[in-house]
Amino acid sequence: MDIINRINTTTYLGREFLTWLWYRSAVGNGIFHVNNNQMEVWFDRKLTLAIEGESMTIKADNPTETSESQASAIAGKVVTDATLRIVDGQKQWTLSIKGDSLGISGVKIPALLSREDDDQLYERFMLIEEMEDIMRDLFRQFIAIRTGGEWGDELEGIRAWIHRISP
């Protein structure tokens, strides 16, 4: 199988990952354990859900809390695009992520502490790398569950959660 076909046959994983993030964020009050550190992950400002070519984009401060997003989840729609807010102590990032490619864009990094231009550039790179490490670790957690024996239980948890959020 060539690389393009492999990519096209696994794009669902990104959508499942974002939907799983929504579920885990909701049931865990936004708390995740990443790289041996506790942090918060929230959906912020924009959420797109879709099923079989039908999509809905919700723009709100807490898009996962709207009746439209909850009705979409009940209808079986999965997250295709989202804006996330990650909070790690005093540091906060926002980023947009595409479900099909896991492409990240529109990254806003925490405030810089350095005063010198060279130090600021280095600090920016470090903060972007830290955000990438966080997202990579979250995806690893998802893949470990998705490919392990826990997926059946996780799916049951997701189904129960969807029924509890009925608008």
task = Collect the residues in segment 72-98 that are of a type in the set (Gly, Ala, Ser) and at pLDDT 95 or above, keeping them in residue-number order.
result = ALA82, SER96
query = What's the number of the condition GLY149 fails, among (1) touching a Leu at 6+ places or on another chain (Cβ under 6 Å); (2) assigned to a loop (DSSP other than H, G, I, E, B)?
reply = (1)
ask   = For the subset of segment 56-71 comprising residues that are touching a strand residue (DSSP E or B) at 6+ places or on another chain (Cβ under 6 Å) and in a strand (DSSP E or B), which member is least open to solvent (accessible area, probe 1.4 Å)?
value = ILE58
THR48 vs. criteria at pLDDT 95 or above and either surrounded by fewer than 20 Cβ atoms within 10 Å (Cβ to Cβ) or in contact with a Leu (Cβ under 6 Å, 6 or more places away or on another chain) (or both) = no
ask   = Before we move on, is TRP161 more than 21 Å from THR64 (Cα to Cα) and among the aromatic types (Phe, Trp, Tyr)?
value = no
request  = Filter segment 1-37 down to residues that are acidic (Asp, Glu) and in a loop (DSSP other than H, G, I, E, B), then give me how many there are.
outcome  = 1
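Does ALA160 satisfy the condition of being within 16 Å of THR19 (Cα to Cα), surrounded by fewer than 16 Cβ atoms within 10 Å (Cβ to Cβ) and out of contact with any Cys (no Cβ under 7 Å at 6 or more places or on another chain)? Step through it out loud before you land on a result.
Numbers: within 16 Å of THR19 (Cα to Cα): yes; surrounded by fewer than 16 Cβ atoms within 10 Å (Cβ to Cβ): yes; out of contact with any Cys (no Cβ under 7 Å at 6 or more places or on another chain): yes.
The answer is yes for ALA160.
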query = If you go through segment 94-127, how many residues are within 25 Å of TRP20 (Cβ to Cβ) and open to solvent by 90 Å² or more (accessible area, probe 1.4 Å)?
reply = 2
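The values are calculated or read from the model by the stated rules, or taken from the named source; none is laboratory data. Everything numeric in this text was worked out from a predicted model, so none of it was measured. Positions of Cβ are backbone-derived with ideal geometry, glycine not excepted, and every protein chain shown enters the neighbour counts. Areas reflect the complete protein model, heavy atoms only, side chains present, ligands, DNA and RNA absent. Shrake-Rupley method; radii C 1.70, N 1.55, O 1.52, S 1.80 Å.
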